[in-house]
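The values are calculated or read from the model by the stated rules, or taken from the named source; none is laboratory data. For clarity, every value in this text was computed on a predicted model and none was experimentally measured. Every residue, glycine among them, receives a Cβ derived from its backbone with ideal geometry; neighbour counts consider all protein chains shown. The area values use the complete protein model at the heavy-atom level, side chains included, leaving out ligands, DNA and RNA. Shrake-Rupley method; radii C 1.70, N 1.55, O 1.52, S 1.80 Å.
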Amino acid sequence: KSLEVKVTSGDIAVPAGYTFDTASLHSASGDIACCAECGALSAQAASGDITLKDTSCGTLSLGTASGAVTLLNIKNESGGSIETASGKAQITNYKGDALEIGTASGKVSLENAECAALHINTASGGVDLTHTVSADVMEIGTASGSIHFENCDAASLSLDSMSGSVVGTLNTGKAFRAQSRSGKVDVPFDTGEGTCKVSTLSGSIRSKIAK
């Protein structure tokens, strides 16, 4: 069964206890909240927030202009994408396939996340990762925001900030390739099979291996 809801000025709330093959939720100025299980979920909001909590889904497509996107206790079997303009994206306790996140000026935060692959791009928003692991690649790029990571890991990492700093700890050793045009660079000696490429124009680079 499928669910399709479109509203212009009201909120949309889909409670737990329901299961849909597909769900399409669109709100012009209201918030969207979904706790139902969905095979494929699409949620789009103009100025409202989008919140998913305590549920699982196959494919996931979320987008908002000025609202925030929050995921809490989510299993995402077939991968997902999150897009915001000025709103932040906050993800806690996530397990899923490939995940793509893009923001213009919003901050991106992940905590206790496991992905097959992770791709994050922001224009001016910072990226903050805690206990986030990607089985394959982790690619993070920001124009003016800083990148901070704590107890994170991936088979291959690429961390790129134009003017922000890149600072954090990895769970396992890597072959580091770090470059900053005007900032300080402090990375460990190569001690692993995976690669970690870090670059910034004017920010500093500091990376350690967690003990």
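Remarks
- Taking the chain as a Gaussian network of alpha-carbon nodes connected by springs under 10 Å, the highest mean-square fluctuation of the residues Thr84, Thr51, Thr132 belongs to Thr51.
- Percent carbon-and-sulfur accessible area, the chain, ignoring ligands, DNA and RNA, probe 1.4 Å: 49 percent
- GNM flexibility winner over the chain from Thr19, Thr64, Thr122 (Cα, springs under 10 Å): Thr19
- Distance (nanometres) between label positions extended 7 Å along Cα→Cβ at Ala104 and Ala40: 2.8 nm
- Full extension of the chain between Asp21 and Ala143 yields a length gain of 40.1 nm, computed as 0.36 nm times the residue separation minus the alpha carbon distance.
- Label point distance in nm, Lys53-Val7, each placed 7 Å from Cα along Cα→Cβ: 1.6 nm
- Among the listed pairs Lys184/Lys208; Lys88/Lys184; Lys53/Lys75; Lys174/Lys208; Lys88/Lys197, those beyond 20 Å (Cα-Cα): Lys88/Lys184; Lys88/Lys197
- Per residue, the chain exposes an accessible area of 45 Å² to a 1.4 Å probe, with every protein chain left in place.
- Cβ-derived FRET efficiency at R0 35 Å, Leu201 paired with Thr172, nearest 0.05: 0.80
- Taking 7 Å steps out from each Cα toward its Cβ at Phe189 and Glu114 produces label points 3.3 nm apart.
- For the chain, averaging the sequence separation of C-alpha pairs within contact (under 8 Å, six or more residues apart) and dividing by the residue count gives a relative contact order of 10 percent.
- In the set [x] 18.9; [y] 19.5; [z] 17.4, the label that goes with Kirkwood radius over Cα pairs in Å computed for this structure is [z].
- Sequence-distant aspartates and glutamates (8 or more away, or on other chains) whose Cα lies within less than 13 Å of Lys107: Glu83, Asp128
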